[in-house]
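Scroll down for the structure; my scribbles are underneath it.
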Amino acid sequence: MNRLFLRLLVCTAVSAGLFVRPAAPASAATATFRIVSSDHPGYAMVAREAGDPIRAMPGERGDLWEFVVIDYRPAGPIYQIRNARTRWCLRPHHYDPGGSFVEQGACGVSDYVTWALRDDGGSHYLSLAADPHTIAYATTTAPAGSTVVAGRGGSGDFTHWVLRPA
């Protein structure tokens, strides 16, 4: 009798969807882009190895980045920004409103490793989901490139990014 009851309970739970992982929403599409500076169009985001700082490099096409919607907020979608080659995600090395270099590392769903896009008339700010004032920016146009930082940004920094379809 107990076995029959247990089977009935499991079948009911499975048919009700309690043990079945829900499918991702159809709107959670992935779009792939190159992230290029709007302020200095020759500079694109490039990643080397996991844990290395992301660089805004001149004269390079840049890496391909997949924007994966993982949440929706009143201000818009929240994204994991995943490198199409390495499968690592764009994230601050550690959260510090004063600034921390951006690296590629393990993907997650925390607001401290996910991003929002704020449109600014054809270009975008990439802002940390945890703090809309913490944005990804680069600080110099040196020939060797610039480290991309997540922080408040300053007037001389390049803070706007254009998403070029792959």
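The values are calculated or read from the model by the stated rules, or taken from the named source; none is laboratory data. As the structure is a prediction and not an experimental result, all values here were calculated from the model. Positions of Cβ are backbone-derived with ideal geometry, glycine not excepted, and every protein chain shown enters the neighbour counts.
Of all residues assigned to segment 93-104, none qualifies as being modelled with pLDDT of 95 or more, farther than 21 Å from residue 37 by Cα and either touching a strand residue (DSSP E or B) at 6+ places or on another chain (Cβ under 9 Å) or surrounded by 17 or more Cβ atoms within 10 Å (Cβ to Cβ) (or both).
Scanning segment 150-166 for residues that are more than 14 Å from the chain's Cα centre (by Cα) and either assigned to a strand (DSSP E or B) or on the phi > 0 side of the Ramachandran plot (or both) yields 151, 153, 158, 162, 164, 165.
Only residues that are part of a strand (DSSP E or B), without any contact (Cβ under 8 Å) to a residue 60 or more places away in the chain and surrounded by 14 or more Cβ atoms within 10 Å (Cβ to Cβ) were counted across segment 53-77, and they come to 7. If the condition is being in a loop (DSSP other than H, G, I, E, B) and either over 26 Å from residue 32 (Cβ atoms) or at pLDDT below 85 (or both), then segment 130-144 contributes 139, 140, 141, 142, 143, 144. Which members of segment 78-129 meet the condition of being in a strand (DSSP E or B), within 25 Å of residue 49 (Cβ to Cβ), within 13 Å of the chain's Cα centre (by Cα) and of a type in the set (A, V, I, L, M, F, W, C)? Residues satisfying the conditions are 81, 89, 90, 102, 115, 126, 128.
The rows are residues; the columns are (1) touching a residue at least 60 places away in the same chain (Cβ under 8 Å); (2) under 21 Å from residue 89 (Cβ atoms).
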{"residue": "125", "(1), (2)": "no, yes"}
{"residue": "134", "(1), (2)": "no, yes"}
{"residue": "140", "(1), (2)": "no, no"}
{"residue": "143", "(1), (2)": "yes, no"}
{"residue": "146", "(1), (2)": "yes, yes"}
{"residue": "149", "(1), (2)": "no, yes"}
{"residue": "161", "(1), (2)": "yes, yes"}
{"residue": "166", "(1), (2)": "yes, yes"}
